[in-house]
Amino acid sequence: MKNIHRLLLIVFFIASAATAFASDEHDKHAHHDTHKKEKFQAGEFIMDHIADAYDWHIFSIGDFHASIPLPVILVSEQSGFNMFMSSKFYHGHSAYKGFYIAQEGEFKGKVVEKINGQEVRPFDISMTKNVVAMLISMMILLWIFISVAKAYTRRKGQAPKGLQSVMEPIIIFVRDEIAKPAIGEKNYERFMPFLLTIFFFIWLNNLMGLVPLFPGGANVTGNITVTMVLALFTFIITTFSGNKNYWVHIFNTPGVPWWLKFPVPLMPVVEFMGMITKPIVLMVRLFANITAGHMIVLAFVSLIFIFGEKGAAAGFGTSVFSVAFIVFMDILELLVALIQAFVFTLLSALYFGMATEEHH
Amino acid sequence: MGLLSFELGTFIWMFLAFAIVLFILKKFAWKPILNALKEREESIEDALRSADRAKEEMAELQADNERILQEARKEREAMLKEAKEMSSKIVNEAKQKASQEADKLVESARANIESEKAAALNEIKAQVANLSVEIAEKVLRQQFAEDQQQKDYFKKLMDEVKLN
């Protein structure tokens, strides 16, 4: 417990030191910015905050950008394996080893290189903001639940206490309200680890996405690749735990006239598509809900700036309403964070239930 | 960065990290937690069940006690009744015996008296006979003290015989 606190503190200090370093270096390149003092672009502002990034932007005051540099890992056809910190790009303003962040075009915002005069993306396994945020959230998950598990072994036969008593009702909720009714008393146990993991992973990341400061602020569950991985796990587990009854249902749906299956296998195709669609829906629902929530909050923030450009008074006036709406939205998002975790877990459990359902 | 674009790098990181976290959590967190919860629930259920059983046993015991008490009461009543009967029977028997004894005593007394009476009568008769004989002797002696008188009497008796 104490060690973890110390560790977090150290991480925080390193992060702030790196931030300071990044901002110092930035001053030298400030001139890049000065000549293009543009009007506030709400769309770009929102996208910048929702999208993934190579460094972890914390705040900007004028031309001063404070951000945590993150490792960029690239495998280029031209120069092979490259690994360096994102601070080398100076917030996307300069190139490093031939790599630079595309400012427009197809690969806008991504690291690209020029090969034979053409912009090409190298194989990019950088630890971007989302990746780091996801790793941090996983560390938190591991820390929380391993210590809770230890509490269970240490305090065997005693009433739960502290963190353990906070988590226990939630774990029981997932077990009794999600897994048991959706999968059934007989089979639910082997799906519990996955269901609990996605439930807490999604919930924690949804919540962390609502916190504007490091280590929150990344839009992990609003990233379609992340939700795709989660849905893919659900799909893989569903497919591998499908029993005979499940596959019969897909390829030879009972209770359907034979001419829908032969010679044109209409029903099997429909059922097969359903099998694929289910995880895709999971993926899109989580991504869209979280992203939309963030967009609304950011849109209200943008309003302040848009009106602020018209005049300071207008900006202040708008800020009153905007902040009120942002507070309202944030509270709503707190709810959405839980609901989306619940829905994703419940639907996964339902799919597992369908896959393991016995013939009736 | 396109919002909807698929990122292979993110995918790889996420897939690996999630798989590892899932594995670690499964092994070191979910299993012990779920097992502990299950164990605890079972022990609570057991405790409740045994409490129920104890209650039932208690009730049964109470019913038993009641029954035993009832039986004891009944038995006591029966015993009392029997004792009463016995005592009255004994008394009756005693009474009967006593009266029988009394009757017998009276009877034998009567018989005694009867025989005493008979004996007394007989004695009296004998005495009377003796006395009469004595008296007769004395009388006769007196009467026949003189020869004349004896002759007279003979004469008289002879006369009587002659008459017959």
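The values are calculated or read from the model by the stated rules, or taken from the named source; none is laboratory data. Everything numeric in this text was worked out from a predicted model, so none of it was measured. FYI the Cβ positions are ideal-geometry reconstructions off the backbone, even for glycines, and counts take in every protein chain you see.
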Checked against (1) free of Cβ contacts under 8 Å to residues at least 40 places away in the same chain; (2) at the interface with chain B (Cβ under 9 Å from one of its Cβ atoms); (3) aromatic (F, W, Y), A:F89 satisfies every condition except (2)
If we ask which residues in the stretch A:159-171 are more than 7 Å from every other protein chain (Cβ to nearest Cβ) and either among the β-branched types (V, I, T) or assigned to a loop (DSSP other than H, G, I, E, B) (or both), their number turns out to be 6
Picking from A:M134, A:M139, the residue that is assigned to a helix (DSSP H, G or I), free of Cβ contacts under 8 Å to residues at least 24 places away in the same chain and closer than 25 Å to A:V220 by Cα would be A:M139
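Which one of these is crowded, with 20+ Cβ neighbours inside 10 Å and at pLDDT below 95: A:N245, A:N187, A:N252, A:N223?
Details: A:N245 fails: crowded, with 20+ Cβ neighbours inside 10 Å; A:N187 fails: crowded, with 20+ Cβ neighbours inside 10 Å; A:N252 fails: crowded, with 20+ Cβ neighbours inside 10 Å.
Just a single option satisfies the conditions, and that option is A:N223.
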Among residues of the stretch A:117-141 being of a type in the set (A, V, I, L, M, F, W, C) and more than 10 Å from chain B (Cβ to nearest Cβ), the residue farthest from B:F23 (Cα to Cα) is A:V120
The one condition A:L338 fails out of (1) in contact with a Ser or Thr (Cβ under 7 Å, 6 or more places away or on another chain); (2) under 20 Å from A:V284 (Cβ atoms) is (1)
Restricting attention to the stretch A:122-146, the residues that are of a type outside the set (A, V, I, L, M) and surrounded by fewer than 17 Cβ atoms within 10 Å (Cβ to Cβ) number exactly 2
key: Test result for B:N35, within 14 Å of chain A (Cβ to nearest Cβ), assigned to a helix (DSSP H, G or I) and among the polar types (S, T, N, Q)   = yes
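Table: residues versus (1) at the interface with chain B (Cβ under 7 Å from one of its Cβ atoms); (2) touching an Asp or Glu at 6+ places or on another chain (Cβ under 8 Å); (3) over 30 Å from A:Q78 (Cβ atoms).
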site: A:W143; (1), (2), (3): no, no, yes
site: A:A151; (1), (2), (3): no, no, yes
site: A:R155; (1), (2), (3): no, no, yes
site: A:G184; (1), (2), (3): no, yes, yes
site: A:F194; (1), (2), (3): yes, no, yes
site: A:L204; (1), (2), (3): no, no, yes
site: A:G209; (1), (2), (3): no, no, yes
site: A:P212; (1), (2), (3): no, no, yes
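Residues are listed down the side, and each one gets a yes or a no for (1) in a loop (DSSP other than H, G, I, E, B); (2) of a type in the set (K, R); (3) closer than 23 Å to A:M134 by Cα; (4) free of Cβ contacts under 8 Å to residues at least 40 places away in the same chain:
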position	(1), (2), (3), (4)
A:F173	no, no, no, yes
A:A179	no, no, no, no
A:E189	no, no, no, yes
A:M228	no, no, yes, no
A:F233	no, no, yes, yes
A:V256	yes, no, no, yes
In the set A:G315, A:G311, the lone residue that is modelled with pLDDT under 90 and at positive phi is A:G311
* Asked: more than 7 Å from every other protein chain (Cβ to nearest Cβ) and in a helix (DSSP H, G or I), is that true of B:L16?
  -> yes
Exercise for the section: Inspect all residues belonging to the stretch A:146-158 and state whether any of them is outside any helix (DSSP H, G or I), of a type in the set (K, R) and out of contact with any Phe, Trp or Tyr (no Cβ under 6 Å at 6 or more places or on another chain). Expected result: yes
